[in-house]
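A short write-up of the structure that comes next.
What follows draws every value from the coordinates through simple rules; no lab data is involved. The structure presented is a predicted model; accordingly, all values stated were derived computationally and were not measured. Ideal geometry is used to build each Cβ from the backbone, glycine not excepted, and the neighbour counts take in all protein chains shown.
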Amino acid sequence: MGERPVEAQPFGGLRHWLAQAALPLWIDAGFDPVRRLFHERLGFDGVPCNPPALRLMVQARQIATYVRAADDGHTTAGATALACMAQVRQHYWRADGAPGWVFSLAPDGAPADTRRDLYAHAFILYACAWSYRLSGERTWLETARQTVDEITTLFGTTQIGGYLDTVPGQDDFRRQNPHMHLLEAFLALAEVGGGEMYLDHARALAMLGMRHFMLPGGAVGELFTPLWQPSAPPGQNRTEPGHVFEWAWLLAEYARLAGEGADSSFMCASAQLHAFGMRHGVCPDTLAVCDAVTDQGAPLEATTRIWQQTEFIRQLARRAAGGDGGAQDLLAPACARFARAYLPPGLRGGWFDRLGADGAPLDGYMPASSLYHIYGAVREIG
């Protein structure tokens, strides 16, 4: 008899698919052994179809995923990922002679885009944390420490906390998303033993999120003014349910690492976010997480990105482990639906990244950056 489809055995099936199909695919077809860098995307035929430049963010996400997977015993590619990390450090960090990490590299290895991007810097910190966990090499903690100093210098602002999005600036908005991933990076550095200061940094960002990014009713805004006011009137602000679930998970993760109790403000905020995401972001019939609603829960975009589904699953798994009966009931069907909709067997470790409202794929390629989200979700279900 043939192998049972992933959705027929959602937990074990997802773990098996990840270890035996996805991780091998992206370290083989998804990795360039000459440049020692990861490809940005693969076609559905498994052939690389890169854009002209390779972004720092994608490299950092892939490195973090593989060193975590190696540490967890799911891949033997840890040494390759660490070698890639060394390559990234050599070619992206201060590559133009200025502090910080360049945004992307051209095919010849020269900087293609030298802007400094907070989102990308957050992910290189995240990769430093897990590279240290796997290797024990303090080089990665020192790289993280120096990068944090550069973040403060490059992106720091006197305006009510937080950081600038990019240097030079691209527009007049400020965004929650890079701050969310910087919080994630600080939590990872704290978890691997980087020092108490990272938990302090994480607390400051968690507080910023609860005070400014969370909007009345439990939504998370995306765009803000320089003084952290929502960019649009109430009811007109875009909210991505996947980010709502990410923030819910991260606030609970901060509470875990900081020893905060179940009745702490962080856990209360996490519960409020979870409730908003469940009420307005998840279709009760299909368990699909839509791409966007307003801050008051009105539908905006019925398309569904894979990363939003994985953040929903990761948050369900966290809640289920904590005894939430509703989450326990939903976790298996959510995983089965995810596998059925996004992980067709014919892609052999690949995925559909974005589906239309009718469930049909909208893109003809697989972005490497999704693997980080998928790994986080599958890891959380245990």
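Could you work out which residue, out of ALA120, ALA292, ALA19, moves most in a Gaussian network model of the chain, that is, has the largest mean-square fluctuation with Cα springs under 10 Å?
ALA19
Could you give P(r) for region 136-267, binned at 5 Å from zero, as whole percent values over all Cα-Cα pairs?
2, 10, 20, 21, 20, 15, 8, 3, 1, 0
Based on Cα coordinates alone, diagonalise the gyration tensor for region 121-169, multiply each eigenvalue by 5, take square roots, and list the semi-axes in whole Å, largest first.
On the way: eigenvalues 128, 18, 14 Å².
So the equivalent ellipsoid measures 25, 9, 8 Å along its semi-axes.
Modelled label-to-label distance, ALA53 and ILE160, 7 Å Cα→beta-carbon offset: nm?
3.2
Within 10 Å of each residue's Cβ, count the other Cβ atoms and sort ILE374, ILE124 from fewest upward.
Working: ILE374 25, ILE124 29.
Arranged by neighbour count, lowest to highest, ILE374, ILE124 become ILE374, ILE124.
Stick to the Cα atoms of region 222-292, pair each with every other, and give me the Kirkwood hydrodynamic radius in Å at one decimal. Can you show the working numbers first?
Values: mean 1/r = 0.0745 Å⁻¹.
Averaging 1/r across every pair of different Cα atoms and inverting gives 13.4 Å.
Between rounded, prolate and oblate, where does region 182-326 land on the alpha carbon gyration tensor, with a ≥ b ≥ c its root eigenvalues, rounded for a/c under 1.5, else prolate if a/b exceeds b/c? Mind dumping the intermediate values first?
Values: a/c = 1.91, a/b = 1.30, b/c = 1.47.
It comes out oblate by the Cα gyration axes.
So what is the calculated 222 nm ellipticity per residue for the chain, using -39500 (n - 2.57) for each DSSP H run with n of 4 or more, over all residues, to the nearest 500 deg cm²/dmol?
Working: 13 runs with 185 residues, N = 382.
Here the helix-only value at 222 nm equals -15500 deg cm²/dmol.
To the nearest 20 debye, what charge dipole does the chain have about its Cα centre, counting +1 at the Cβ of each Lys and Arg and -1 at the Cβ of each Asp and Glu? Provide the component values of the computation, followed by the final result.
On the way: 31 positive and 40 negative charges, 77 e Å.
Computed about the Cα centre, the dipole is about 360 debye.
Please report HIS74, HIS373, HIS121, HIS16 as a ranked list, fewest other C-beta atoms within 10 angstrom at the top and most at the bottom.
HIS16, HIS74, HIS373, HIS121
Within a 10 angstrom radius of the beta carbon, how do LEU182, LEU371, LEU223, LEU42 rank from fewest other beta carbons to most? Mind showing how you got there, number by number?
On the way: LEU182 25, LEU371 28, LEU223 16, LEU42 22.
Starting with the residue having the fewest Cβ neighbours, the order is LEU223, LEU42, LEU182, LEU371.
Taking springs between alpha-carbon atoms closer than 10 angstrom, which of SER369, SER264, SER104 fluctuates most in the Gaussian network model of the chain?
In this elastic network of the chain, the residue with the biggest mean-square fluctuation among SER369, SER264, SER104 is SER264.
Quick one: among PRO233, PRO345, PRO48, which has the greatest mean-square fluctuation in a GNM of the chain with alpha-carbon springs under 10 angstrom?
In this elastic network of the chain, the residue with the biggest mean-square fluctuation among PRO233, PRO345, PRO48 is PRO233.
Which length gain, in nm to one decimal place, applies between ARG340 and ALA258 when the Cα-Cα distance is subtracted from 0.36 nm times their residue separation?
25.8 nm
Peptides 321-334, 59-72: what's the order by average Cβ count within 10 Å, highest mean first? Can you show the working numbers first?
On the way: 321-334: 15.2, 59-72: 25.4.
Per-residue Cβ counts within 10 Å, averaged per peptide and sorted highest first, yield 59-72, 321-334.
By the scheme Lys and Arg +1, Asp and Glu -1, what is the net charge of all other residues having a beta-carbon under 15 Å from that of THR239? Walk me through the numbers on the way to the answer.
Values: positive: ARG175, ARG238, ARG279, ARG305; negative: GLU222, GLU240, GLU246, ASP291, ASP295, GLU301, GLU311.
Every neighbour counted, the sum reads -3.
Limiting things to C-alpha atoms, what are the Rg and the maximum Cα-Cα separation (Dmax) for region 111-199, in angstroms?
Spelled out, the Cα radius of gyration and Dmax of region 111-199 are 13.2, 41 Å.
Given the Cα-Cα distance of ASP285 and THR76 and 0.36 nm per residue of separation, how much length would full extension add, in nm?
Contour length minus the Cα-Cα distance gives 71.3 nm.
Considering Cα pairs under 8 angstrom that are at least six residues apart, work out the relative contact order of the chain and quote it in whole percent. Kindly include the intermediate steps, with their values, before the conclusion.
Working: 684 pairs, mean separation 67.4, N = 382.
It rounds to 18 percent for the chain.
Taking all pairs of different Cα atoms in the chain, averaging 1/r and flipping that mean, what Kirkwood radius in angstroms comes out? Mind dumping the intermediate values first?
On the way: mean 1/r = 0.0475 Å⁻¹.
After inverting the mean inverse Cα-Cα distance, the result is 21.0 Å.
How much net charge surrounds GLU311 when only other residues with a Cβ under 11 Å from its Cβ are counted (Lys, Arg +1; Asp, Glu -1)? Please report the intermediate quantities before stating the final value.
Working: positive: ARG305, ARG314, ARG318; negative: GLU240, GLU246, GLU380.
Around GLU311, the surrounding residues sum to 0.
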